[in-house]
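Single-structure report; data block below.
The values are calculated or read from the model by the stated rules, or taken from the named source; none is laboratory data. All values derive from a computational prediction rather than experimental measurement. Cβ placement follows ideal geometry from the backbone for every residue including glycine, while neighbour counts extend to all protein chains displayed.
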Amino acid sequence: MINQIAYTVFWLSAVVALVAAWMTIRHTQFNDAMFYAVSAVEVGTLALLGTGIAGVVTTDRHVAGTLLISYLVTLVLVPPVTILWGVAEKSRWGTGVVLIGMWTVAVMSIRVLQVWHG
Amino acid sequence: MADPGTQHGFGRVVVAIYAVFALSASARSLYQLATKAAEAPMAYSLSALAGIVYVVATFALATNRPKLALGTIAFELVGVLTVGTLTVVDASLFPDQTVWSDFGSGYGLVPLVLPFVGLAWLRRNSTHAR
């Protein structure tokens, strides 16, 4: 379950990062579509936090629980900060911030899987 | 928009990247020091130092303090080059990974590129200001 959700979050955030990169190149400002896309990533990170906590509590394996949960909590915080910063920046660099934020989510979701599998 | 400050434009992106590294480097070192400080004290205290450097650089960039930013980013550049070279030459010096190991290859080489971006941005910024 953690695998599927982490990979979904990874692909979703990677795609949003690519679109944001394209928008930055095209001098496009942060728009409604970008807002919904980042919100969708946020839903994914929340689902990952839920299943991650459940996984740490129920598993018989030895998992670095504190590390995993600190990653998951940070993941949940990145999209809202990205949105606030992206909306506040009225130039193409608003989407530039989204690119950085979504790239961070993509990398961290893979790190979550590495920590989960030991 | 040729506003050179970090409140706008590309400067905001530079601050965002530094913020990510400030967070990840210091969080990692706190975890390492809290759980297994004795295993590789050298590597872990270096992680902590790198974390502090990123935090100060982020603060300096976000609040437009060019001198402090220049100092910390220059330190960061020397750090990543020194530690990068040492880890390649003699891996046994650092038994566990740090942000700067192998020139930051564990972080997509961003730690190596970031100080150059920071310095270039500071330089452009100061020419604008004059």
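Numbers below:
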| item | result |
| --- | --- |
| Counted residues, the range A:100-109 - those being at the interface with chain B (Cβ under 8 Å from one of its Cβ atoms) and either outside any helix (DSSP H, G or I) or within 16 Å of A:MET23 (Cα to Cα) (or both) | 2 |
| Hits in the range A:80-96 - residues which are of a type in the set (A, V, I, L, M) and more than 10 Å from chain B (Cβ to nearest Cβ) | A:ILE83, A:LEU84, A:VAL87 |
| Subset tally (residues that are over 20 Å from the mean Cα position of the chain (by Cα), within 14 Å of another protein chain (Cβ to nearest Cβ) and either among the acidic types (Asp, Glu) or surrounded by 15 or more Cβ atoms within 10 Å (Cβ to Cβ) (or both)) for the range A:48-70 | 2 |
| Lone qualifier among B:TYR44, B:TYR31 - being of a type in the set (Phe, Trp, Tyr), more than 16 Å from the chain's Cα centre (by Cα) and under 27 Å from A:ALA106 (Cα atoms) | B:TYR31 |
| Test result for B:ASP102, of a type outside the set (Ser, Thr, Tyr) and at positive phi | yes |
| Among residues of the range B:75-99, those that are within 14 Å of the chain's Cα centre (by Cα) and at pLDDT 85 or above, counted | 10 |
| Count of the range B:12-43 residues which are away from chain A (no Cβ under 12 Å) and either loosely packed, with under 15 Cβ neighbours inside 10 Å or farther than 23 Å from B:VAL117 by Cα (or both) | 9 |
| A:LEU77, sole failed condition from (1) surrounded by fewer than 21 Cβ atoms within 10 Å (Cβ to Cβ); (2) more than 10 Å from every other protein chain (Cβ to nearest Cβ) | (2) |
| Condition met for A:VAL38 (within 17 Å of the chain's Cα centre (by Cα), farther than 15 Å from A:VAL112 by Cβ and buried (at least 17 other Cβ atoms within 10 Å of the Cβ)) | yes |
| Selected residue (only one of B:ALA50, B:ALA34 is closer than 30 Å to A:LEU72 by Cβ, assigned to a helix (DSSP H, G or I), in contact with a Ser or Thr (Cβ under 7 Å, 6 or more places away or on another chain) and among the small types (Gly, Ala, Ser)) | B:ALA50 |
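Rundown of residues vs (1) assigned to a helix (DSSP H, G or I); (2) in contact with a helix residue (DSSP H, G or I) (Cβ under 7 Å, 6 or more places away or on another chain), yes/no style:
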position	(1), (2)
A:ALA14	yes, yes
A:LEU46	yes, yes
A:GLY52	yes, yes
A:ASP60	no, no
A:PRO79	yes, yes
A:THR82	yes, yes
A:SER91	no, yes
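To keep it simple, each residue is scored yes or no on (1) more than 16 Å from the chain's Cα centre (by Cα); (2) within 20 Å of A:ASN3 (Cβ to Cβ).
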| site | (1), (2) |
| --- | --- |
| A:PRO79 | no, no |
| A:ALA106 | no, yes |
| A:LEU113 | no, yes |
| A:HIS117 | yes, yes |
